[in-house]
1. Could you please give the count of residues in the range 60-115 that are over 11 Å from the mean Cα position of the chain (by Cα) and aromatic (F, W, Y)?
2. Please go through the range 93-114 and pick out each residue that is surrounded by 15 or more Cβ atoms within 10 Å (Cβ to Cβ) and over 22 Å from G12 (Cβ atoms).
3. In the range 45-62, is there at least one residue being more than 17 Å from A21 (Cβ to Cβ), out of contact with any Phe, Trp or Tyr (no Cβ under 9 Å at 6 or more places or on another chain) and surrounded by 21 or more Cβ atoms within 10 Å (Cβ to Cβ)?
4. Could you list all residues from the range 134-162 that are surrounded by fewer than 17 Cβ atoms within 10 Å (Cβ to Cβ), of a type in the set (S, T, Y) and in a helix (DSSP H, G or I)?
5. For the range 13-51, how many residues are more than 14 Å from the chain's Cα centre (by Cα) and either at negative phi or in a helix (DSSP H, G or I) (or both)?
6. Please enumerate the residues belonging to the range 42-63 that are within 20 Å of V97 (Cα to Cα) and in contact (Cβ under 8 Å) with a residue 12 or more places away in the chain.
7. Do the conditions hold for A120, that is, is it modelled with pLDDT under 95, hydrophobic (A, V, I, L, M, F, W, C) and either closer than 17 Å to F64 by Cα or not in a helix (DSSP H, G or I) (or both)?
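The values are calculated or read from the model by the stated rules, or taken from the named source; none is laboratory data. Worth saying up front: this structure is predicted, and the values here are computed from it rather than measured. Cβ coordinates were reconstructed from backbone atoms using ideal geometry, including for glycine residues, and neighbour counts include every protein chain displayed.
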Amino acid sequence: MTQIAISILLWGSAIGCGLIAGLYFAFSIFIMNALGRLGQGQGAAAMNSINETILRSAFMPLFFGTTVSAAMVALLGLFRWGAPGATAMLAGGVVYVLGMFVCTVVFNVPLNNELARAGADDVVWEQYLKDWTWWNHVRTVASVVAMLLFILALLDTRSALS
């Protein structure tokens, strides 16, 4: 793969991670707090609406596209082991795929499904707020760390060319 293609893939991964991190950061810092202040019925209904809407939004191609590009970057890092930026490429891809994608599939999505089934159940909503937000923090940190590692890989590969 040419250096230009690798740079494009790294830039796309870094930007995708940054966009995803920003969304997750907003949920972690203020959106979930605001929903929690609404009370169980309104908060759960609002979150269920968000969960339904996001599935039909531009978020989904960004979510899956960034995951695929991060996995490709990780594989490139593995196959180019020893080349400038390879360690950061592999680490960034692994951090993103495990910390964001796997976390989402294993924790956040099942919590969303449980909330959709339960509706406005008091106990489910209170536990959902705690658990979902905790795993969202993990996704946020993983997305930021991966973005930084992809930027580091870009810097390493550029400095090797000069």
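1. Of the residues in the range 60-115, 3 are over 11 Å from the mean Cα position of the chain (by Cα) and aromatic (F, W, Y).
2. Correct list: F107, N108, L111, N112, E114.
3. No: zero hits.
4. S159
5. Number satisfying all stated conditions: 22.
6. Scanning the range 42-63 gives F59, L62, F63.
7. yes
Rundown of residues vs (1) touching a residue at least 12 places away in the same chain (Cβ under 8 Å); (2) surrounded by 14 or more Cβ atoms within 10 Å (Cβ to Cβ); (3) within 24 Å of W132 (Cα to Cα), yes/no style:
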{"residue": "Q3", "(1), (2), (3)": "yes, no, no"}
{"residue": "C17", "(1), (2), (3)": "yes, yes, yes"}
{"residue": "A21", "(1), (2), (3)": "yes, yes, yes"}
{"residue": "F79", "(1), (2), (3)": "no, no, no"}
{"residue": "A83", "(1), (2), (3)": "yes, yes, no"}
{"residue": "A88", "(1), (2), (3)": "yes, yes, no"}
